[in-house]
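> Sharing a structure here in structure tokens format.
The values are calculated or read from the model by the stated rules, or taken from the named source; none is laboratory data. Everything numeric in this text was worked out from a predicted model, so none of it was measured. Here the Cβ is made from the backbone with ideal geometry for all residues, glycine too, and neighbour counts use every protein chain on show. Areas reflect the complete protein model, heavy atoms only, side chains present, ligands, DNA and RNA absent. Shrake-Rupley method; radii C 1.70, N 1.55, O 1.52, S 1.80 Å.
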Amino acid sequence: MPKRRDVEEQRARLSAAVWSVLARDGLSGLTLRAVAARAGCTTGLVLHAFRDKRALLRHARELLHERTGRRADAAQEAAGEPLDALRAVALQALSLTAEGREEARVWVGFLAAAVSDEELRELHVQHDRAFVQRVEQLLAAARPDLPRAARTHHAVGLVALVEGFNTLAAADPQTYSPHRQRAAVDRLVDSLRA
């Protein structure tokens, strides 16, 4: 029986391979064989951890949710007033860096698969709504005077702005540059000041 540490190292190596293949080669390139090649192992080992392509995609999306969630927590905690926290959470979710652009490519690959797969779509909706809920809570702290429907409207708009930039910047980072992304978020957050 393999040691727990070996199993954890193997899982980490496979996770990194799934992420790398999806970010580099997109949805069409994400295969058990490609993940095995990237991880330097057999497809049998990949199949032991992931039963099919859907499992690979679910894993990539869960990793993305965990990574962005940790960053959002840190950004929110480091910010001062609530609108600063809102801005910080939105900015950390954008594709402003090479790592952010890689995350955007993973997100786009997952989303493309989720459009026609009920199970993946449910996972996407769950994580997307968690982001909207976080933004709504930050808006409630920043603008307690806003009715709940208005907070929801603004939260959905901000999330759509962020995810739209990520989707478009995944293919065209020059037009949808970090500067333009930051400026758009700044304008939207500034418009929410009472």
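> Quick one: which helices (runs of 4 or more DSSP H) lie wholly within region 47-162 and hold at least 3 residues that are more than 18 Å from Trp19 (Cβ to Cβ)?
In region 47-162, 53-78, 82-93, 118-142 are the helices (runs of 4 or more DSSP H) which contain 3 or more residues that are more than 18 Å from Trp19 (Cβ to Cβ).
> Just give me the residues in region 163-181 being assigned to a helix (DSSP H, G or I) and open to solvent by less than 40 Å² (accessible area, probe 1.4 Å), in sequence order.
Glu163, Gly164, Phe165, Asn166, Ala169, Ala170, Pro178, Gln181
> For a quick check of your reading of the model, give me the residue pairs whose first member lies in region 23-40 and is over 15 Å from Leu57 (Cβ atoms) and part of a loop (DSSP other than H, G, I, E, B), whose second is open to solvent by 20 Å² or more (accessible area, probe 1.4 Å) and of a type in the set (D, E, K, R), with beta-carbon atoms closer than 8 Å and at least 6 apart or on different chains.
Gly40/Arg13
Residue by residue, here is whether (1) surrounded by 14 or more Cβ atoms within 10 Å (Cβ to Cβ); (2) on the phi > 0 side of the Ramachandran plot; (3) at pLDDT below 90 holds:
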residue	(1), (2), (3)
Pro2	no, no, yes
Asp6	no, no, yes
Leu30	yes, no, yes
Lys53	yes, no, yes
Arg61	yes, no, yes
Thr68	yes, no, no
Ala79	yes, no, no
Ala93	yes, no, no
Ala104	yes, no, no
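> Taking Gly164 as the residue in question, decide whether it is assigned by the TED database to the domain that holds Ala88, at pLDDT 95 or above and out of contact with any helix residue (DSSP H, G or I) (no Cβ under 8 Å at 6 or more places or on another chain).
So Gly164 passes the test.
> Taking Thr42 and the conditions (1) within 23 Å of Glu118 (Cβ to Cβ); (2) surrounded by fewer than 18 Cβ atoms within 10 Å (Cβ to Cβ), which numbered condition does it fall short on, given that it satisfies the others?
(1)
> Further question on the same structure: Any chance region 139-154 includes a residue that's open to solvent by 50 Å² or more (accessible area, probe 1.4 Å) and among the charged types (D, E, K, R)?
yes
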